[in-house]
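Below: one structure, written as C-alpha cells.
The values are calculated or read from the model by the stated rules, or taken from the named source; none is laboratory data. The structure displayed is predicted, hence computed values, not measured ones. For neighbour counting, all protein chains shown are included, and Cβ atoms are generated from backbone atoms with ideal geometry for every residue, glycine included. In case anyone asks, the SASA skips ligands and DNA or RNA and just uses the protein heavy atoms, side chains included. Shrake-Rupley method; radii C 1.70, N 1.55, O 1.52, S 1.80 Å.
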Amino acid sequence: GVGESGGRESAITGTSADFADDVRSIITWLRTRPDVDGARIVLAGHSEGGIIAPLVAVTDDRLKGIALMAGPAYNGRRIILFQNRESIDAAPGLTRAQRDSIWKTVPAGLDSVAKATPWMAYFLAHDPLVTLRQVKQPVLVLQGETDHQITPEQADTLHATLRGAGNRDVIMRRFPATNHLFLNDPSGAPGAYGRLTDAKVRRDVLGALADWAVRVLR
C-alpha cells in the first residue's frame, strides 16, 4: 500500500491472518536469496505481531524461533474493552455518571466497527492461546511492566500456556518502567507518549532480543 505498490485495500479488508500470509511470502522470498541462510530465520512480533508470529510459526517448522514483544494473551474484545475503560476513566472533566454513560456505548460501538471492518472482526474474536499451544519452536516473551495497552500479566499467561503445552524452550523477561513501545516510561499512559523525552527502545530490551537470537540461530 505504499508508493507504486498494490495492497491499499488491505487497510479495509486485511486481517491478522492476511498479514501472516504476507510474512510467509517474505520468508519464502528470503529463502531464495544467496546471502540469507533460509534455515536460520527468526521472527520478532510486536503487539499485533505477537498474534501474527505464532500463526506463521505453526505452519513453518523451519523457523528457528519467535519473539513476542508485548504480545496479547487475550482476545481483542477483552483488550479493547479494557483500553476503552481506562481511557474513559482517565478523561478529564467528566463526572462518574458521564463516564458510565459513555462506557455503556462501547460494546455496541465495537460490534458496529466489526461489521464494517474485517480486521476488527478478526481481532475481537481471535484467541491467541489456541495458536500458541501449537508452537514448538523456541519462544522469547518480552513485556514492559507499565504497558497499558497489553497488560503485563498477559506475558505470564503466554509463558504458562507455552510451557503447559509442552514447549520447554520459553524465556520471559519483564522490564520495569517500560511502556508498550518498550520505551523508558514510569507511567506508561498512552496519552503521554508524545511527551516522553527519550524515544529510543530500551537497550536492555534490544540486548535481550539479540542474545536470544544469537542462541537459537547457532
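Using only the heavy atoms of the protein chains and a 1.4 Å probe, how would Thr59, Thr146 rank by accessible area, largest first?
The residues order as Thr59, Thr146, largest area first.
Probe of 1.4 angstrom, ligands and nucleic acids ignored: what's the accessible area per residue over region 24-160, in square angstrom?
For region 24-160, the solvent-accessible area averages 48 Å² per residue.
Specify the angular offset, from 0 to 90 degrees and rounded to the nearest 10, of the alpha carbon long axis of helix 96-116 from the longest principal axis of the alpha carbons in the chain.
Compared with the principal axis, the helix lies near 40 degrees.
So between Val201 and Arg33, what do we pick up on full extension, going 0.36 nm a residue minus the alpha carbon distance?
Length gained between Val201 and Arg33: 57.5 nm.
Taking the Cα centre of each part, how many Å lie between region 150-197 and region 14-49?
Computed from Cα coordinates, the inter-centre distance equals 23 Å.
Gaussian network model of the chain, Cα springs within a sub-10 Å range: biggest mean-square fluctuation belongs to which of Leu55, Leu196, Leu132?
Residue with maximal mean-square fluctuation among Leu55, Leu196, Leu132: Leu196.
Could you work out what % of the accessible surface of region 72-189 is carbon and sulfur, using a 1.4 angstrom probe and leaving DNA, RNA and ligands out of the count?
58 percent
Probe radius 1.4 Å, ligands and nucleic acids left out: which of Trp212, Trp103, Trp29 has the largest accessible area, and how do the rest follow?
In descending accessible area the options line up as Trp29, Trp103, Trp212.
Suppose we flag GluC sites (Glu not before Pro) only when DSSP calls them loop and at most 11 other Cβ atoms lie within 10 Å. Which is the longest uninterrupted stretch of the chain?
It runs 10-218.
Please go through region 43-145 and write out the trypsin sites (Lys or Arg not before Pro) that DSSP classes as loop and that have at most 12 other C-beta atoms within 10 Å.
For trypsin sites (Lys or Arg not before Pro) across region 43-145 that sit outside H, G, I, E and B with at most 12 neighbouring Cβ atoms in 10 Å, the list reads Arg62.
Go ahead and run the numbers for FRET between Thr105 and Ile12, Cβ-Cβ distance against an R0 of 22 Å, rounding to 0.05.
With R0 = 22 Å, the Cβ-Cβ based efficiency is 0.40.
Return the FRET efficiency for the residue pair Ala116, Arg215: r is the Cβ-Cβ distance, R0 is 45 Å, and the value is rounded to the nearest 0.05.
0.50
Pairs of Cα atoms under 8 Å, at least six residues apart: use those to get the relative contact order of the chain, whole percent.
Relative contact order comes out at 19 percent.
Given R₀ = 25 Å, FRET efficiency for Arg78-Ser25 by Cβ-Cβ distance, to 0.05?
Here the calculated transfer efficiency is 0.25.
Once the whole set of protein chains is in place, how much accessible area is left on Thr151, using a 1.4 Å probe, in Å² to the nearest 10?
20 Å²
Using only C-alpha atoms and all pairs of different ones, pull out the Kirkwood radius for region 138-218 in Å with one decimal.
Across region 138-218, the inverse of the average 1/r is 13.4 Å.
Rounded to two decimals, what is the ratio between the C-alpha radius of gyration of the chain and 2.2 N^0.38 Å?
Taking the Cα Rg and dividing by 2.2 N^0.38 Å, one obtains 1.10.
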